[in-house]
């Protein structure tokens, strides 16, 4: 995901007077994602090698047929998290930052939370979404996507109420 985001920043305009320009923050975050991704892959492979080594002789691998395949909960959470993130990025341009971030955070918090408190999850999603919106739009002056659906609804409301 980090490599994909980094390749997409090539199309962003270069800065003439600033050090990092419009592509600076996305590139920095993409590089962090790449580094953490490699760290995650390294830790995953290290754990898998430890699991498959025989305890009698640490250099003798067990046969793959003898090791049962178990789909653990943490891998399930990682897979669902990745899918939610994929749908978030895919629909961000259509629905806009506020709508899709609210849905993403609400779904993710509900998925992770063991208590399944809908009110608390929705309040937390609203708080985080509007805090991020305020941080990017008002403080950092980075404009977030409004989305085509929201733009069409606003233009429809303007034509109706004129």
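The values are calculated or read from the model by the stated rules, or taken from the named source; none is laboratory data. These figures come from a predicted structure and were not determined experimentally. Every residue, glycine as well, gets a Cβ built from its backbone with ideal geometry; the counts of neighbours run over all protein chains shown.
Suppose the filter is part of a helix (DSSP H, G or I) and either in contact with a helix residue (DSSP H, G or I) (Cβ under 7 Å, 6 or more places away or on another chain) or modelled with pLDDT under 85 (or both); does residue 75 pass it? Outline the logic, then answer.
On the way: part of a helix (DSSP H, G or I): yes; either in contact with a helix residue (DSSP H, G or I) (Cβ under 7 Å, 6 or more places away or on another chain) or modelled with pLDDT under 85 (or both): yes.
Against the criterion (part of a helix (DSSP H, G or I) and either in contact with a helix residue (DSSP H, G or I) (Cβ under 7 Å, 6 or more places away or on another chain) or modelled with pLDDT under 85 (or both)), residue 75 qualifies.
What residue, among those in region 140-151 that are within 19 Å of the chain's Cα centre (by Cα) and either surrounded by 11 or more Cβ atoms within 10 Å (Cβ to Cβ) or not assigned by TED's automatic domain parsing to the domain that holds residue 91 (or both), is farthest from residue 89 (Cα to Cα)?
The qualifying residue farthest from residue 89 (Cα to Cα) is 142.
Hey, among 105, 124, 85, which residue is more than 23 Å from residue 40 (Cα to Cα) and either in contact with a strand residue (DSSP E or B) (Cβ under 7 Å, 6 or more places away or on another chain) or modelled with pLDDT of 85 or more (or both)?
124
Would it be correct to say that residue 104 is within 23 Å of residue 152 (Cβ to Cβ), without any contact (Cβ under 8 Å) to a residue 24 or more places away in the chain and under 17 Å from the mean Cα position of the chain (by Cα)?
Answer is yes for this residue.
Go through region 83-162 and tell me which helices (runs of 4 or more DSSP H), entirely inside it, have 3 or more residues that are over 25 Å from residue 30 (Cβ atoms) and out of contact with any helix residue (DSSP H, G or I) (no Cβ under 7 Å at 6 or more places or on another chain).
Result: 118-133, 148-160.
What is the residue count in region 115-139 for residues that are surrounded by fewer than 13 Cβ atoms within 10 Å (Cβ to Cβ) and touching a residue at least 24 places away in the same chain (Cβ under 8 Å)?
The qualifying residues number 0.
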